[in-house]
């Protein structure tokens, strides 16, 4: 009787642990899967300004910029929405190679993004770095 009871308790604990691990993994997957790549642009040392046009009809509530190929110092970033509104993002920092900005929540309800325009400091890069724009629904 004692062995049966211990096995039952062990089985229940094992079941609860496996369900907990499964739920945690599913939540992490759901959060990661909501991030979508909205575009990429290569940065040129001859100009100090670029734009990523977003050709998606979905609505987004947060953005993040990722940098590859070299560090980029952002001076100004403006999001242009389909309804004609513009929103300047508070990004005035140097993002290192392979780095990302913090997650930037967009104001108001989720909106359609037409484009994201950014200004950056000119540097002499060995190769052309690029900026990836990520959006979260």
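General observations
- Check on residue 119, at pLDDT below 95 and either surrounded by 15 or more Cβ atoms within 10 Å (Cβ to Cβ) or out of contact with any helix residue (DSSP H, G or I) (no Cβ under 6 Å at 6 or more places or on another chain) (or both): yes
Residue-by-condition table, conditions (1) touching a strand residue (DSSP E or B) at 6+ places or on another chain (Cβ under 8 Å); (2) surrounded by fewer than 17 Cβ atoms within 10 Å (Cβ to Cβ); (3) part of a strand (DSSP E or B):
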site: 58; (1), (2), (3): yes, yes, no
site: 67; (1), (2), (3): yes, no, yes
site: 70; (1), (2), (3): no, no, no
site: 74; (1), (2), (3): yes, no, yes
site: 77; (1), (2), (3): yes, no, yes
site: 80; (1), (2), (3): yes, no, yes
site: 83; (1), (2), (3): yes, yes, no
site: 92; (1), (2), (3): yes, yes, no
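The values are calculated or read from the model by the stated rules, or taken from the named source; none is laboratory data. Computed from a predicted model, the values in this text were never measured in an experiment. Neighbour counts are summed over all protein chains in view; Cβ atoms, including those assigned to glycine, are modelled from backbone coordinates with ideal geometry.
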